[in-house]
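The structure under discussion appears below in the form of structure tokens.
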Amino acid sequence: MKALTKPSSREWLLLTVISLSIFSACEKQIDQPKKQDEILTVANNSNHGHLIQSKTYSSEVVLKWLDLKYRILLQPQEQNTGFEFLKVRYYAYVGIALYESVVPGMPSYQSLSGQLSDMPVMPATVPGLAYHWPACANAALAYMHKSFLPNTSASNKASMDSLETALNLVYQAEVDSSTFKRSVEFGKAVAQLIFNWSKTDGLFTKYPAYVLPVGPGLWVPTPPNFSPASGVVFGKLRPLMPGVLNENLPVAPSEYSTNPSSAFFKSIKEVYDTSLVLTSAQIAQANYWRGTMGGAPAIHWFAILKKVLIEQGNKAMLDKAALAYCKMGIAQNDAAIATFKTIYQYNQLRPITYIRNVMGYSSWNSVFPANSHPGYPEAVTTDYSSSAAVLSQEFGDNYHFNTDGTNNLGLPGYIFNSFEEAGIHGGLSRFYAGISTKAAVNAAIWIGNKTAEYMQNKIKFLKDE
């Protein structure tokens, strides 16, 4: 047999290069689908749930609980429970629990523990193990609503149980039993800590009985019911954001005077003069934003949030819904604390008292009765302005929307070119109603805006902020 010719070194090098090129090409063709399959397997593997982020899921769990809360809190039996001015507090802690229950599935975001006042350390998820974030949120929301409404009707309790169960049946079909169980336990553990923390904010402190100050220009109960002062305690509660009260308290109101040339007299006269020429549109505006039951202003804005989330669709998934809910609750709460702290610092009388007793129009009435507390700043407007400012931060300064379907009285809505425009529209409704001066409304708008601004600058939701 003829011996094979031994290739030269150059030939060996050429053969080697060609062989490696062919092998590499084949390997790429063979391994590329394999690598893609491996990535998909890891992403879908229930043992690697942290790769499935909160933004993967819709905001359905948030929308359904918002809807149930709206229906429950506007029922007559939920009124006159001493809970009216504290509903913003309730919304705030619920929102925080919601956010904390899903934030481990939001890689760019972080817990608020260590940032909010005395907030405890949150439970940790197990690295590498799966969590079904809607199930976490459902457990947290169910626990918080039931804890904040322990005395609600049996039918309302049944509705909460029914919603929790219905959602869980869906979630159980989406993941294995261990993942579902782990998710529910995590959400509930978060909510338990948040609810226990809420009980330390001063609401349950025993304060001395409130003594109504007496003197010229000071608030007195107003017609037709002449109800005693309400919301006194709220201004004494611990704000959620440390230091916020150093930034969001408004300037003092105009000095009380009966002199027709004084700023105070002119501000009340403006209320009276406007009441004489109110248009049907202005009366409708006043009634639209009024609300007829306790907590309705704040509920109204959460109804607006729900509508926006639905409109956003895939642009506002579970992560965005939880973030917006949480931020709006925090802003409403701390703005309300600043408002009531200021209200009982100045104890300014309501326009109706001045118009009747000083200006001499003894039969004058506002469009509807004023709330039973002093008039500066205008408390309800704070809900509007703080909510509008947060929604502007989250969805843009020029968000075009309408408010159809968000009014608890069923009144037709308005079309707005921005949330700020809606907030101002709501604030002016209190002036048109005759229950507040423009100065009181403007002070409330300032509080809401300043509170939202403070949160944006001081509270770090993103890890890299």
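The values are calculated or read from the model by the stated rules, or taken from the named source; none is laboratory data. Computed from a prediction, not measured in an experiment: that's the story for all the values here. Quick reminder, even Gly has a Cβ in these numbers, built from the backbone with ideal geometry, and neighbours come from all protein chains shown.
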Q) What pairs can you find where one residue is in segment 156-179 and among the charged types (D, E, K, R), the other is not in a loop (DSSP other than H, G, I, E, B), and their Cβ atoms are less than 7 Å apart, with a gap of 6+ or different chains? A) Glu164/Asn138; Glu164/Ala142; Asp176/Ser46
Q. Would segment 112-120 turn up any residue that is touching a residue at least 60 places away in the same chain (Cβ under 8 Å) and closer than 21 Å to Gln172 by Cα?
A. no
Q. Has segment 423-431 got any residue that is in contact with a His (Cβ under 6 Å, 6 or more places away or on another chain), assigned by TED's automatic domain parsing to the domain that holds Tyr256, modelled with pLDDT of 95 or more and not β-branched (Val, Ile, Thr)?
A. no
Q: Please state which one of Thr406, Thr381, Thr451 is in a loop (DSSP other than H, G, I, E, B), in contact (Cβ under 8 Å) with a residue 24 or more places away in the chain and among the polar types (S, T, N, Q).
A: Thr406
(Q) Consider segment 278-307. How many of its residues are more than 13 Å from the chain's Cα centre (by Cα) and in contact (Cβ under 8 Å) with a residue 12 or more places away in the chain? (A) 17
Q | Positions within segment 371-389 being small (Gly, Ala, Ser) and crowded, with 24+ Cβ neighbours inside 10 Å, in sequence order | A | Gly375, Ala379, Ser385, Ser386, Ser387, Ala388, Ala389
Q | Lys64 being surrounded by fewer than 21 Cβ atoms within 10 Å (Cβ to Cβ), in contact (Cβ under 8 Å) with a residue 24 or more places away in the chain and among the basic types (Lys, Arg) | A | yes
**Q.** Qualifying positions in segment 101-135 - outside any loop (DSSP other than H, G, I, E, B) and in contact with an Asp or Glu (Cβ under 8 Å, 6 or more places away or on another chain)
**A.** Val102, Gly105, Tyr109, Pro134
Q) Given the conditions (1) crowded, with 21+ Cβ neighbours inside 10 Å; (2) modelled with pLDDT under 95; (3) over 16 Å from the mean Cα position of the chain (by Cα), and given that Gly405 satisfies all but one, which numbered condition is not satisfied? A) (1)
Q) Within segment 268-281, is even one residue among the aliphatic types (A, V, I, L, M), in a loop (DSSP other than H, G, I, E, B) and under 30 Å from Arg71 (Cβ atoms)? A) no
(Q) For segment 430-448, which positions are in a helix (DSSP H, G or I), touching a helix residue (DSSP H, G or I) at 6+ places or on another chain (Cβ under 7 Å) and crowded, with 20+ Cβ neighbours inside 10 Å? (A) Arg430, Phe431, Tyr432, Ala439, Val441, Ala444, Ile445, Ile447, Gly448
Q | Residue match in segment 204-226 (condition: basic (Lys, Arg) and free of Cβ contacts under 8 Å to residues at least 12 places away in the same chain) | A | yes
